[in-house]
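Written below as structure tokens is the structure these notes are about.
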Amino acid sequence: MRYLLLSINLLFSISLLAQSPTQTVRGKVVDEESKYPLEAVEVALRMADGQVLNTLTESDGTYRIEGVKVGRQAMLFRVGGYQKVVLENIEVTSGKEVILNIEMQSSSVEVETIEITARTNGDAGNEMAITSAREFSPEETNRFAGSRGDPPRMASNYAGVQGADDSRNDIVIRGNTPQGLLYRLDGINIPNPNHFSIPGTGGGPVTILNNKFLTNSDFFTGAFPAEFSNGIAGVFDLKMRNGNNEKHEFSGQLGFLGTELMAEGPLSKESGASYLGMYRYSTLGLFSFLGVDVGTDAVPQYQDGAFRVNLPQKNGANLAIWGVGGLSTIDIVLNTQVAPDTATLIFGSNDRDQYFTSNMGIIAATYQYPINLKTYLKVSFAASHQKVISHHDQIFRRVVDDKFVVDSLPAILDYTFRENKYSGTFFINKKIGLNHTLKAGINADLYQMNYIDSVRLFQTDPPGLHPWQQRWNATSNAWLLQPYVQYKLRVKDRFTMVAGLTSLYWSLNDNSLSPIEPRLAFSYQLSENQKISLGTGLHSQIQSPYIYFYGQPVTDQIPQPHNLGMGLTKSAHAVLGYDWGISKDLRLKAETYYQHLYNIPVSKTPGSFSLINAGSGFARLFPDSLVNEGTGRNFGVELTLEKFFSKNYFFLLTGSLFDAKYKGSDGILRNTTFNGRFAVNALFGKEIQIGKASGLGLGAKATYVGGRWYGPVDTLASAALLEIVYADATVNSQQFRPYFRADAKVSYRWNRPKVTHEIAIDLVNVFDIQNILTLTYAPDHPSGNPIREEYQLGFLPLFYYKIDW
């Protein structure tokens with residue numbers, strides 16, 4: 001211990017004596033609506049010590065500021081005819097150049113009578129976004145305690161958003177199903193970007209989207225613009241960054257969730273072409289071997305990667321070729337258990353061996369061309385793939401002298417689900433004068449689907465297994481088409497209106513056409529720091545494709561799908577908001593909303609079943625015949641008080657009160673599974689400067705959320721089927737106790753000349769609270785009680801070491 005303290009003291013002493021390293025900050029400034037380069041923009045950078053560095057953009061919109069000290073800096077972009085852009089809390093390190101590409105919004109008046117800031121921290125980057133939208137940075141996914149570098153887990157801190165459970169990153173937006181979230185990457189609608197994803201769900205245990213290849217992106221929680229469709233809850237509009245086009249840079253990271261390597265740099269300094277590539281491989285096996293609890297006795301294995309090649313063209317055009325993908329597998333083998341209750345299972349069942357594999361990938365090309373200062377167009381083509389394979393062996397065993405004896409391991413389940421998708425998007429954006437903008441485009445996806453599933457069910461009299469039966473055996477193609485048009489009007493930099501029309505067509509059947517979906521939003525600037533907004537719109541979404549093709553189990557023949565005729569689920573949104581910039585780094589935001597959901601698939605036979613309760617967890621659905629006759633309604637109020645990072649600290653306080661209910665085919669109004677009714681989050685972060693080149697980061701988070709809903713269990717039916725069966729008449733009539741979790745984070749960063757080191761530990765659930773996840777059937781439970789509670793993850797320390805050079 002003495003030598004450890006001496007080492008720490010020596011490290012701090014070196015930090016105090018070191019000269020402050022410097023870095024280069026550069027980028028490009030373009031018009032927000034035409035993407036045309038802006039010349040002679042004043043760029044001012046204010047460092048923490050008060051020193052200001054200035055420059056002007058070149059004819060191609062580029063700027064460059066050298067000699068910037070490491071630390072948190074602020075920047076101002078200003079030019080005549082445009083609203084200024086102010087950015088605080090820009091993190092500058094010695095290991096990587098800071099590349100900031102800025103889009104500026106033109107002023108709607110010739111002579112400004114009031115100085116309006118076009119964008120500040122947290123404002124959405126999408127020029128058509130007015131309500132229920134905010135921008136987030138990749139740094140926030142690391143800075144927020146408990147976020148694990150994962151965008152959905154980070155977003156669960158925002159008002160109106162809550163996580164579904166600790167073992168997955170599904171998120172519930174305003175009481176909606178997690179399946180209602182749309183993921184979009186660089187304008188392309190992408191498959192579920194998570195490892196170990198289950199068909200029909202909106203998340204997974206580990207994200208494939210590494211924050212190191214993302215740039216600032218937008219998150220929508222309601223009433224989103226017409227360019228987004230096939231989602232009824234929210235949108236992750238993610239953007240991939242380009243690699244450094246002037247110097248080669250590298251990054252490496254070793255941590256609980258994986259070992260990562262990344263490289264980026266110029267392909268041609270003359271043309272500005274660049275590359276970026278990264279790869280991650282899971283290290284959970286290593287930590288399990290060392291005795292660290294990873295949340296399950298079965299060790300997940302996964303790997304993922306991404307690349308981007310950026311090729312600037314003549315006249316400001318740009319071509320980017322990019323791809324993202326991941327592979328994951330887990331073998332949950334329980335037949336080697338010695339005695340009851342010795343396995344920790346958050347991913348599977350206790351009565352079988354399970355072998356599960358999933359993969360996801362997308363490759364795309366995106367071309368963008370600014371025709372002139374008023375007009376630009378963008379076109380993209382992509383091919384994506386998603387596959388899930390699973391195999392189960394039933395464990396027949398008995399207990400002898402308090403130990404298991406295995407009798408047999410017959411196979412009981414095999415399934416392979418494949419979905420290929422070919423996507424094309426096109427839009428053209430045109431400014432008309434100072435006050436008008438028109439955007440029109442189309443998103444087209446061709447789905448190629450193949451689903452194979454066979455099962456053997458257990459029978460009790462006589463004991464044994466039924467013959468193999470098929471539940472899925474289908475191959476099909478279908479188009480998903482979404483044309484749209486949007487119009488934006490700005491009057492005197494105070495009033496903004498965005499109106500849009502879109503349509504959604506799913507060619508699988510004749511019931512899946514939403515011909516007109518209007519969207520409308522207004523905002524009015526009460527003063528320089530106060531704004532009110534109103535947004536409304538109609539949204540629709542197809543069902544999870546595999547559900548269309550499910551058929552009742554049959555022997556020696558192909559099952560006949562009984563849900564091919566399902567139509568679109570629809571949701572009408574209305575949002576009223578108020579935004580008050582109390583100071584330049586403190587903001588208060590309030591929103592209230594109402595959502596009417598209809599055409600929700602529910603059971604044809606009168607009952608409580610509704611797809612509104614699906615979309616999370618590790619199980620597929622096996623629905624009986626469904627009809628689009630269900631309804632639902634969500635309403636609530638949300639409050640956010642946020643201090644952006646300044647004076648070496650930040651905090652975020654969010655609170656939500658809401659109610660989410662639905663009606664099944666029996667016409668009874670019930671709580672949805674996700675109707676927690678309240679959610680409160682509190683985050684805090686502090687950075688302590690150590691010398692001129694190092695810093696200690698401290699962070700904390702507390703979450704308190706209403707419990708999920710369930711109903712009394714049909715004990716006899718559960719015992720017969722060896723799984724939980726709820727009594728239909730009382731579904732979602734009982735609520736789990738509220739969920740509480742506290743997280744903490746400690747990090748240390750050391751900036752050396754041209755190299756940055758960072759080490760951090762994220763302490764998840766520091767009080768080891770046992771939050772209820774679900775109920776499971778436990779026929780071998782020592783108490784003899786066939787139903788038991790399963791809990792969320794307990795205390796989990798996550799660490800990483802990162803180096804940038």
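Among the candidates S514, S523, single out the residue that is part of a strand (DSSP E or B) and under 30 Å from P601 (Cβ atoms).
Just one listed residue meets the conditions, S514.
Return the total of residues in segment 344-367 being of a type in the set (S, T, Y), under 30 Å from Q770 (Cα atoms) and at pLDDT 80 or above.
3
Determine whether segment 638-650 contains at least one residue that is within 19 Å of Q735 (Cα to Cα), part of a strand (DSSP E or B) and either open to solvent by less than 20 Å² (accessible area, probe 1.4 Å) or not aromatic (F, W, Y) (or both).
no
Within segment 417-436, is there a residue that is crowded, with 19+ Cβ neighbours inside 10 Å, more than 24 Å from the chain's Cα centre (by Cα) and among the hydroxyl-bearing types (S, T, Y)?
No: zero hits.
Within segment 215-231, how many residues are open to solvent by 10 Å² or more (accessible area, probe 1.4 Å) and over 20 Å from K439 (Cα atoms)?
Of the residues in segment 215-231, 3 are open to solvent by 10 Å² or more (accessible area, probe 1.4 Å) and over 20 Å from K439 (Cα atoms).
State the number of residues belonging to segment 132-175 that are farther than 22 Å from F799 by Cβ and in contact with a Leu (Cβ under 7 Å, 6 or more places away or on another chain).
Within segment 132-175, residues that are farther than 22 Å from F799 by Cβ and in contact with a Leu (Cβ under 7 Å, 6 or more places away or on another chain) number 4.
I'm checking my understanding of the structure. Among residues of segment 732-752 that are among the aromatic types (F, W, Y) and within 15 Å of I688 (Cβ to Cβ), which one is least open to solvent (accessible area, probe 1.4 Å)?
Here the residue is Y748.
Look at T536 and say whether it is open to solvent by 20 Å² or more (accessible area, probe 1.4 Å) and under 30 Å from T654 (Cβ atoms).
Yes, satisfied.
Starting from segment 135-146, keep only residues that are without any contact (Cβ under 8 Å) to a residue 40 or more places away in the chain, then list their pairs with residues that are open to solvent by less than 20 Å² (accessible area, probe 1.4 Å) and among the polar types (S, T, N, Q) whose Cβ atoms are within a distance under 8 Å, requiring at least 6 positions of separation or different chains.
E140/S147
Can you go through L657, L626, L597, L611 and tell me which one is under 28 Å from S533 (Cβ atoms) and surrounded by 17 or more Cβ atoms within 10 Å (Cβ to Cβ)?
L597
Given the conditions (1) part of a strand (DSSP E or B); (2) open to solvent by 10 Å² or more (accessible area, probe 1.4 Å); (3) under 30 Å from S358 (Cα atoms), report the number of the one that M497 does not fulfil.
(3)
Please enumerate the residues belonging to segment 69-91 that are of a type in the set (V, I, T) and under 33 Å from the mean Cα position of the chain (by Cα).
V70, V85, V86, I90
F799 - would you say it is in a strand (DSSP E or B), at pLDDT below 90, closer than 25 Å to T141 by Cα and out of contact with any Leu (no Cβ under 7 Å at 6 or more places or on another chain)?
Answer is yes for this residue.
Looking at Q105, is it modelled with pLDDT of 90 or more and open to solvent by 20 Å² or more (accessible area, probe 1.4 Å)?
Judged against the criteria, Q105 is not a match.
What's the number of the only condition in (1) more than 28 Å from the chain's Cα centre (by Cα); (2) assigned to a strand (DSSP E or B); (3) farther than 30 Å from K686 by Cα; (4) in contact (Cβ under 8 Å) with a residue 24 or more places away in the chain that R26 fails to meet?
If we test R26 against (1) more than 28 Å from the chain's Cα centre (by Cα); (2) assigned to a strand (DSSP E or B); (3) farther than 30 Å from K686 by Cα; (4) in contact (Cβ under 8 Å) with a residue 24 or more places away in the chain, just (3) comes out false.
Could you grab me the full set of residues in segment 553-588 that are in contact with an Asp or Glu (Cβ under 8 Å, 6 or more places away or on another chain) and modelled with pLDDT under 90?
Passing the criteria: K584, D585.
Having 1 or more residues that are open to solvent by less than 40 Å² (accessible area, probe 1.4 Å) and farther than 24 Å from K754 by Cβ is the bar; report the strands (runs of 3 or more DSSP E) wholly within segment 43-90 that clear it.
71-78
Answer yes or no: is there a residue in segment 551-559 that is without any contact (Cβ under 8 Å) to a residue 60 or more places away in the chain and open to solvent by less than 40 Å² (accessible area, probe 1.4 Å).
Checked segment 551-559: no residue is without any contact (Cβ under 8 Å) to a residue 60 or more places away in the chain and open to solvent by less than 40 Å² (accessible area, probe 1.4 Å).
Which fully enclosed strands (runs of 3 or more DSSP E) of segment 671-762 have 3 or more residues being modelled with pLDDT under 90 and either hydroxyl-bearing (S, T, Y) or closer than 21 Å to Q792 by Cα (or both)?
Per the criteria, no element qualifies.
Could you please find all residues in segment 203-240 being of a type in the set (S, T, Y) and under 27 Å from Y505 (Cβ atoms)?
Residues satisfying the conditions are T221, S229.
Within segment 128-163, can you find the residues that are hydrophobic (A, V, I, L, M, F, W, C) and open to solvent by 10 Å² or more (accessible area, probe 1.4 Å)?
Listed by number, the residues that qualify are A129, I130, A133, A159.
Among (1) within 24 Å of the chain's Cα centre (by Cα); (2) within 25 Å of Y548 (Cα to Cα), which single condition is V627 missing?
(1)
Could you look through segment 314-343, keep only residues that are within 26 Å of N210 (Cβ to Cβ), out of contact with any Leu (no Cβ under 9 Å at 6 or more places or on another chain) and open to solvent by 30 Å² or more (accessible area, probe 1.4 Å), and pick out the one that is modelled with the lowest pLDDT?
D331
Just a yes or no: is a residue in segment 256-269 modelled with pLDDT under 95, open to solvent by 20 Å² or more (accessible area, probe 1.4 Å) and small (G, A, S)?
Yes, there is a match, as at least one residue in segment 256-269 is modelled with pLDDT under 95, open to solvent by 20 Å² or more (accessible area, probe 1.4 Å) and small (G, A, S).
Which of the residues belonging to segment 721-747 are over 30 Å from F458 (Cβ atoms) and in contact with a helix residue (DSSP H, G or I) (Cβ under 9 Å, 6 or more places away or on another chain)?
Residues satisfying the conditions are K745, S747.
Examine segment 391-413 for a residue that is within 27 Å of the chain's Cα centre (by Cα), open to solvent by less than 40 Å² (accessible area, probe 1.4 Å) and modelled with pLDDT of 90 or more, and state whether such a residue exists.
No: zero hits.
Test of understanding: among L465, L373, which residue is surrounded by fewer than 18 Cβ atoms within 10 Å (Cβ to Cβ) and within 30 Å of N126 (Cβ to Cβ)?
Only one candidate qualifies: L373.
With the structure loaded, tell me whether G175 is open to solvent by less than 20 Å² (accessible area, probe 1.4 Å), under 24 Å from L76 (Cα atoms) and either assigned to a loop (DSSP other than H, G, I, E, B) or at pLDDT below 90 (or both) or whether it fails that test.
no
Report every pair of residues separated by at least 6 positions or lying on different chains whose Cβ atoms are under 9 Å apart, first residue within segment 685-703 and under 29 Å from Y739 (Cα atoms) and in contact (Cβ under 8 Å) with a residue 12 or more places away in the chain, second open to solvent by 40 Å² or more (accessible area, probe 1.4 Å) and among the acidic types (D, E).
Filtered contacts from segment 685-703: G697/E687; L698/E687.
The values are calculated or read from the model by the stated rules, or taken from the named source; none is laboratory data. What you see is a predicted model; the values in this text were computed from it and never measured. We place every Cβ from the backbone using ideal geometry, glycine too, and count neighbours over all the protein chains shown. What goes into the accessible areas is simple: the full protein's heavy atoms, side chains included, and nothing from ligands, DNA or RNA. Shrake-Rupley method; radii C 1.70, N 1.55, O 1.52, S 1.80 Å.
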